[in-house]
Amino acid sequence: MTSPSVATGFTFHRRLRRLWADPLGESRLIPAIAWLYIIWSIVPVFIAVLFSFNPGRSLSAWQGFSLRWYVSDPNLSVLHNPSLREALFQSLRLAFLTMLIATPLGVLLAIGLTRWQGKGSRPANVLMLLPLVTPEIVMGVGLFLVFTSLFRPVQLGTSAQVLGHVTFSLPLVVVIVRARLLGIGPEYENAAMDLGASYWSALWRILLPMLAPAIFAGLMIAFAVSIDDFVISQFLASGQSSVTIPMLLYGGVRTSPTPALNALGSIMLFISLLAVAVAGLALRWRRHVGPGAGQPAIPSPAHLGV
Amino acid sequence: MKGRPRVVGEPRGLWAAFAAPGVLWLILLFVVPVYAILAVAMGTTDPIFFIAKPTWDPLRWDTSAFREVFHDILTGRLGVIGLRTIVYVAVASTLCILIGYPVAYYAARRAGHLKPLFIVLLVAPFWINYIMRMLAWVNLLDTDGYVNRVLLALHILQEPRAWLVGRPETVILGMVYGYIPFFILPLFAVLDAIDQRVLEASRDLGASPARTFVRVTLPLSWQGILAGTALIMLPMFGDYYTPEILSGSPKTTLFGNQIAAFVSSGAGGTAGAALTVVLMAFVSVLMTYYLVAVARASREGGR
């Protein structure tokens, strides 16, 4: 007679043996770990965003849906609280300025580095990559010391923050634009010149339009990494007017946690995810339009090479 | 290395001129600041205003700040903090590898038609602000937050626990949560690039799936593991915000906290800069390794 417990014991034993023989193969262990990881990585943030819509002050008892902490509360909402509103504006201001300075610099640097064969090109390449691997605290300390002891005309505050943000977003723009450039090659410009175009008009009318999606993606990524930054903004801040969203969250999360902080964080989350999604679409669009297929559709700092 | 095919009739020095503004920017705002850290670390402190004064001339550098730092590392509180930082980073990195490898493996090999969705979910945390992600955990780990409620309901805890005051496990959880995406993605890229035929060959030649993994997949993904680990260890060593947000107690002070504290107090500028130099020397091995790995990967990529 076979009792059910013996049968389950038997299958369990077989499963164990199969798991032993093939730990990554047929077992359900790997998918389970993978999806549990995704849940673990997304759900906390999801809950934090959810509670930004909580009508009460609590961050753990859900009381319904409201926009109190975004617009309706006359004192504490993001719309009406001056310090929250100022932080949002400061973050957007820095992100726009960074985007507008870093992108043209990065495009020129990317074109220069891919085509320049001279002596300095290798050190320049390494120099371009260094800010990507330097711990932010090192750059933060260095820039702070430079602005307080050497480049005195630059005051700590917005101008110093913009200079710092451009420095760490520049390499990311270069990496994105260069990936596209490597797929283009000089043939198109040569063809244009065979057909009578001058050197500069080939550059302007052939190369630049072909780079457009990558340039656009570069704009969006510079915007996203700037709005995301905390360390450099904090080291180069001076006074209330240069407080950004991440700095405000950092200062308030332990001392005065209200759903308004969650609302502010959620607004930043929507803005940066939108910027990155648009960048991804731009890079995907180029795939159908021109060469350079096979580049990652969703850019991320991990696509630097390895 | 082969020369690049040239655009016909390009003016001499044109491309160097294109690169010049960006290179100049990086020299002024990356190289000079790093030099400034050295100059302040080897500089003096103004005796009247009590402010750190940089010494720009390397011949007049004064190493007394370093002697103090090393003395403190060997005998004082700084040694404890440094050791704690190394332990936290080591534990957090190990956890990232143990959790991250199966996840990257699933994304590269097993996700099937769910792969695009899975990758989007994998990349999403990259673009969600780090402080916002820590704020999410502060909400959850609060004394009357969901973590305590669930643990009480399951009778794992008998009374609510204060997770957010001086608990190493909370800080390490925060570091793993914060940095693990940066480990998974490069590893995924490496695993995804492994030629399926190599694995089939191994199986055809009689190796079991486990043996195929140990003898083929693992060695081929070794570079990805090392590069991913270097990539997460770099920011972890300079981290000061995670312990500050999730603990805020001297019991979990890390090296980065010490730097931030020194630099924000005017008089400690020299000591702060000296500590930063020590940190840079410490992580420069990781940085060099990562840059060499990137260079090798792009060469082998055939570009």
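The values are calculated or read from the model by the stated rules, or taken from the named source; none is laboratory data. Being a predicted model, the structure only gives us computed values, none of them experimental. Every residue, glycine as well, gets a Cβ built from its backbone with ideal geometry; the counts of neighbours run over all protein chains shown.
Descriptive notes on the structure:
- Just one of (1) away from every other protein chain (no Cβ under 13 Å); (2) touching a residue at least 12 places away in the same chain (Cβ under 8 Å) fails for B:ILE131. It is (1).
- Of the candidates B:VAL198, B:VAL278, the single residue that is modelled with pLDDT under 90 and of a type in the set (A, V, I, L, M, F, W, C) is B:VAL198.
The rows are residues; the columns are (1) touching a Pro at 6+ places or on another chain (Cβ under 7 Å); (2) of a type in the set (D, E, K, R); (3) crowded, with 20+ Cβ neighbours inside 10 Å.
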position: B:TRP61; (1), (2), (3): no, no, no
position: B:ARG77; (1), (2), (3): no, yes, no
position: B:THR85; (1), (2), (3): no, no, yes
position: B:LEU95; (1), (2), (3): no, no, no
position: B:TYR106; (1), (2), (3): yes, no, yes
position: B:GLY112; (1), (2), (3): no, no, no
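- Pair list, Cβ < 6 Å and 6+ apart or interchain, from region B:50-70 residues that are without any contact (Cβ under 8 Å) to a residue 40 or more places away in the chain and of a type in the set (S, T, N, Q) to residues that are surrounded by 15 or more Cβ atoms within 10 Å (Cβ to Cβ) and not in a loop (DSSP other than H, G, I, E, B): B:THR55/B:ALA39
- Once region A:44-97 is narrowed to residues that are hydrophobic (A, V, I, L, M, F, W, C) and loosely packed, with under 14 Cβ neighbours inside 10 Å, the residue that is farthest from B:ARG149 (Cα to Cα) is A:PHE89.
- Restricting attention to region A:247-259, the residues that are under 18 Å from A:ILE227 (Cβ atoms) and touching a residue at least 60 places away in the same chain (Cβ under 8 Å) total 2.
- A single member of B:LEU234, B:LEU173, B:LEU220 is at the interface with chain A (Cβ under 10 Å from one of its Cβ atoms) and either in a helix (DSSP H, G or I) or over 29 Å from A:VAL133 (Cα atoms) (or both), and it is B:LEU234.
- Only a single item in (1) crowded, with 22+ Cβ neighbours inside 10 Å; (2) free of Cβ contacts under 8 Å to residues at least 24 places away in the same chain; (3) not hydrophobic (A, V, I, L, M, F, W, C) is not met by B:SER208, and it is number (1).
- Of the set (1) farther than 21 Å from A:ILE38 by Cα; (2) assigned to a helix (DSSP H, G or I), all apply to B:GLU159 but (2).
- Which listed residue, of B:ILE27, B:ILE51, is within 13 Å of another protein chain (Cβ to nearest Cβ) and either under 27 Å from the mean Cα position of the chain (by Cα) or modelled with pLDDT of 95 or more (or both): B:ILE27
- Checked against the criterion of being in a helix (DSSP H, G or I), free of Cβ contacts under 8 Å to residues at least 40 places away in the same chain, aliphatic (A, V, I, L, M) and more than 11 Å from chain A (Cβ to nearest Cβ), the candidates B:VAL147, B:VAL198 yield just one match: B:VAL198.
For (1) of a type in the set (Phe, Trp, Tyr); (2) at the interface with chain B (Cβ under 10 Å from one of its Cβ atoms); (3) closer than 30 Å to A:PHE89 by Cα, each residue gets a yes or a no:
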site	(1), (2), (3)
A:LEU143	no, yes, yes
A:HIS165	no, no, yes
A:SER169	no, no, yes
A:ILE184	no, no, no
A:SER198	no, yes, no
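- Here B:THR63 clears all of (1) touching a helix residue (DSSP H, G or I) at 6+ places or on another chain (Cβ under 8 Å); (2) more than 10 Å from chain A (Cβ to nearest Cβ); (3) hydroxyl-bearing (Ser, Thr, Tyr) except the condition numbered (1).
- Candidate set from region B:171-201 (those that are crowded, with 21+ Cβ neighbours inside 10 Å and not hydrophobic (A, V, I, L, M, F, W, C)); member that is nearest to the chain's Cα centre (by Cα): B:TYR179
- Any chance B:PRO250 is more than 8 Å from chain A (Cβ to nearest Cβ), surrounded by fewer than 18 Cβ atoms within 10 Å (Cβ to Cβ), closer than 29 Å to B:LEU141 by Cβ and at pLDDT 85 or above: yes
- Scanning region A:79-127 for residues that are at pLDDT below 85 and either of a type in the set (A, V, I, L, M, F, W, C) or within 30 Å of A:SER238 (Cβ to Cβ) (or both) turns up A:HIS80, A:TRP116.
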